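The block underneath contains the structure these notes are about, expressed in structure tokens.
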Amino acid sequence: MASSSGNSWGSGTFRNSGLEEDLKSLLDQRKRKRMESNRESARRSRIRKQKHLDDLKEQVVQLQNENAQFLRSISLTMRNYAEIEAESSILRSQMTELTQTLQYLNGILDSVNYNGASSTVSSPFQHLGGGGGFCNGGWGSNQQFPIMAAAEMMFDY
């Protein structure tokens, strides 16, 4: 009996040893698969990260180009604004000069009309109607008054 129980125990140890090796082999295989899966996952993660980095670099280039275009547009707009502002200033100055000349001429006409001399002076604009005032077509005098204008504005089309 001792031999049979010893054999049984000995073969159980043998079976346990085989099961342990099978279990160890199975665990090693699972460990290798897990390691391989982790490597593949890390590789995919690196690829996604590189793609994201490439997309961001492309976006930076695109935004830099848009920014340069906006800066050119702003510069052109500011240049146009400065030119228009200068032209507006010149026109305001000319308007002031012409308004003063008109007031001066209307004052002369009013003076001539007040003195009763307007009936003896013929105006080249009498056919336009009205008699008093520069804007109404009446001169009332043959005097000429210079109109001041900037030389650079002459013949500027």
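The values are calculated or read from the model by the stated rules, or taken from the named source; none is laboratory data. Here the structure is a predicted model, which is why all the values come from computation and not from measurement. Ideal geometry is used to build each Cβ from the backbone, glycine not excepted, and the neighbour counts take in all protein chains shown.
Here are the numbers for the structure shown:
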| item | result |
| --- | --- |
| ILE90 being assigned to a helix (DSSP H, G or I) and either in contact (Cβ under 8 Å) with a residue 24 or more places away in the chain or surrounded by 13 or more Cβ atoms within 10 Å (Cβ to Cβ) (or both) | yes |
| Looking only at region 87-133, and only at residues there that are aromatic (Phe, Trp, Tyr) and within 55 Å of the chain's Cα centre (by Cα), the one that is modelled with the highest pLDDT | TYR104 |
